[in-house]
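Structure first, then comments.
The values are calculated or read from the model by the stated rules, or taken from the named source; none is laboratory data. It should be emphasised that the depicted structure is a prediction, and the values quoted were computed from it without experimental measurement. Here the Cβ is made from the backbone with ideal geometry for all residues, glycine too, and neighbour counts use every protein chain on show. Only protein heavy atoms, including side chains, enter the accessible area calculation; ligands, DNA and RNA are left aside. Shrake-Rupley method; radii C 1.70, N 1.55, O 1.52, S 1.80 Å.
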Amino acid sequence: MMSVARTAPGVVARNVGGETVLVPTRADVASFDRIFVLSRVGAFLWPLLDGTRDRDELCRLLRERYSVPVGADVARDVDAFLAELSQRGLLAS
């Protein structure tokens, strides 16, 4: 099994005006003046980052949810999403 991703403690997801917004609630997670708006796909993936699913499972679920064609490289997109979250301190280390 590949490594699994888990959301950082102190990051709250809220639906605001039809968009999913991540709000850090602790100073050591991110600056209080920063919020993060997720894409539709990011909003689908965020609650799945509970530390039980590896990248391959996230890709499988994404393919199912959005009927992604077999040849499409969703792994690259999932990797980019996870890397961005990690860079911004939104994933547990």
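Rounded to the nearest 10 degrees, the angle from helix 55-66 to the longest Cα principal axis of the chain is 80 degrees. Note on residue 45: accessible area approximately 10 square angstrom, rounded to 10, probe 1.4 Å, nucleic acids and ligands left out. Once backbone amide H atoms are built at 1.01 Å from N, residue 20 has 38 as its partners under 5 Å, excluding neighbours fewer than 5 places away on the same chain.
Solvent-accessible area assigned to carbon and sulfur over the chain amounts to 51 percent, based on a 1.4 Å probe.
Considering every Cα-Cα pair within the chain, what fraction, in whole percent, is farther apart than 19 Å? Of all Cα-Cα distances in the chain, 40 percent exceed 19 Å.
Tell me the angle of helix 74-87 to the major Cα principal axis of the chain, expressed in degrees between 0 and 90 and rounded to the nearest ten. Value to nearest ten degrees: 10. Taking all protein chains as they are arranged and a probe of 1.4 Å, the heavy atoms of residue 86 leave approximately 70 Å² accessible to solvent.
Between residue 83 and residue 35, the simple label model (points 7 Å from Cα in the Cβ direction) yields a spacing of 2.8 nm. Between 69, 47, 24, the GNM of the chain built on Cα springs shorter than 10 angstrom shows 69 fluctuating the most. The residues of the chain expose on average 62 square angstrom of accessible surface per residue, using a 1.4 Å probe on protein heavy atoms.
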